[in-house]
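S.K.: The structure that follows is given in the form of structure tokens.
What follows is calculated from the coordinates using simple rules that are stated; it is not laboratory data. All of these numbers come straight from a predicted model, not from anything done at the bench. Backbone-built Cβ (ideal geometry, glycine too); neighbour counts: all protein chains shown.
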Amino acid sequence: ADAGTGGSLTVCETGGTVALVNSLGGTPQAGGTWSGPSAVVGGNYDPATMNPGVYTYTVTGVAPCTNATATVTVTETGSPDAGTDGTLTLCANGAAMDLFAQLGGTPDAGGTWSGPSAIAGSSYDPATMNAGVYTYTLAATAPCLSDQSTVTVTENAASDAGTNGSLTVCETGGTVALVNSLGGTPQAGGIWSGPSAVVGGNYDPATMLAGVYTYTVTGVAPCTNATATVTV
């Protein structure tokens, strides 16, 4: 009887079924039986349902010949899990955020990041990096394949209400645009609040009270509102 010679087989834990006889050396006869850590059906090894280890192929000998045996040592390599794609929206003046925490599923640690900007660790810093698609890659031991997932980063511009200012008017003077007393580069479209209701962004000494008037520009989440004041 001829069972061939011993061999080895390395499969990916998520791979398909493989004929064990193909891993034997020599010229193994057909019709033998397999035994090992798991029951063998049809002479195949299925990593989804079977355990790695030593599988023995036995060809029954015709008396007085003895049985012939040969073994295949099966090893499984792990298939990495990079999780599922995620998104991250932050403010352009916000704090750094962890990209890994934005992935879905159960991603394995130890991968590498690539994207529009170089990444130190897995942290995205809007102060120094560019928005876009960042890819997380986990290498694999053959025959398993590497795995990837992405985090799409979006930055919302911070709102700008300018800087605080002051305005001195004559009590009998005309109306004055409050925004002109702000410093910096205040965005248009904000709202004014203060001791008196503000109409059209103007201060009218004939009808309004002096004091601190606040200009508020609504931020686009997760950016916060921006405020600046004019003391009249």
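S.K.: Under a point-charge model restricted to the Cβ atoms of Lys and Arg (+1) and Asp and Glu (-1), what is the dipole moment magnitude of the chain relative to its Cα centre, in debye to the nearest 20?
M.R.: Charge dipole of the chain: 40 debye, to the nearest 20.
S.K.: Right, another one. Would you kindly enumerate the cysteines in the chain that have no other Cys beta-carbon under 4.7 Å from their beta-carbon?
M.R.: For the chain, the answer is CYS65, CYS170, because their Cβ atoms have no other cysteine Cβ under 4.7 Å.
S.K.: Follow-up. Quick one: which residues, 5 or more positions from TYR45 or on another chain, have an amide H under 5 Å from its amide H? H modelled 1.01 Å from N in the peptide plane, none for Pro or chain starts.
M.R.: Under 5 Å from the amide H of TYR45: VAL18, ALA19, LEU20.
S.K.: Same structure, new question: How are the Cα pair distances of the chain distributed, in percent, across 5 Å bins from 0?
M.R.: 1, 6, 10, 9, 7, 6, 6, 6, 6, 6, 5, 5, 4, 3, 3, 3, 3, 3, 2, 2, 1, 1, 0, 0, 0, 0
S.K.: Taking 41 Å as R0, compute the FRET efficiency from the Cβ-Cβ separation of GLN187 and SER146 and round it to 0.05.
M.R.: Between GLN187 and SER146 the formula returns 0.35.
S.K.: Rounded, prolate or oblate, given the Cα gyration tensor of the stretch 98-232, with a/c below 1.5 counting as rounded?
M.R.: In terms of gyration-tensor shape, prolate.
S.K.: Using modelled backbone amide H atoms (1.01 Å from N, in-plane), which distant-in-sequence or interchain residues come within less than 5 Å of THR150's amide H?
M.R.: So THR150 has HN proximity to ASP85, GLY86, TYR136.
S.K.: Using a simple spin-label model with points 7 Å from Cα along the Cα→Cβ vector, what separation in nm is obtained for GLU171 and THR231?
M.R.: In this crude label model, GLU171 to THR231 measures out at 2.0 nm.
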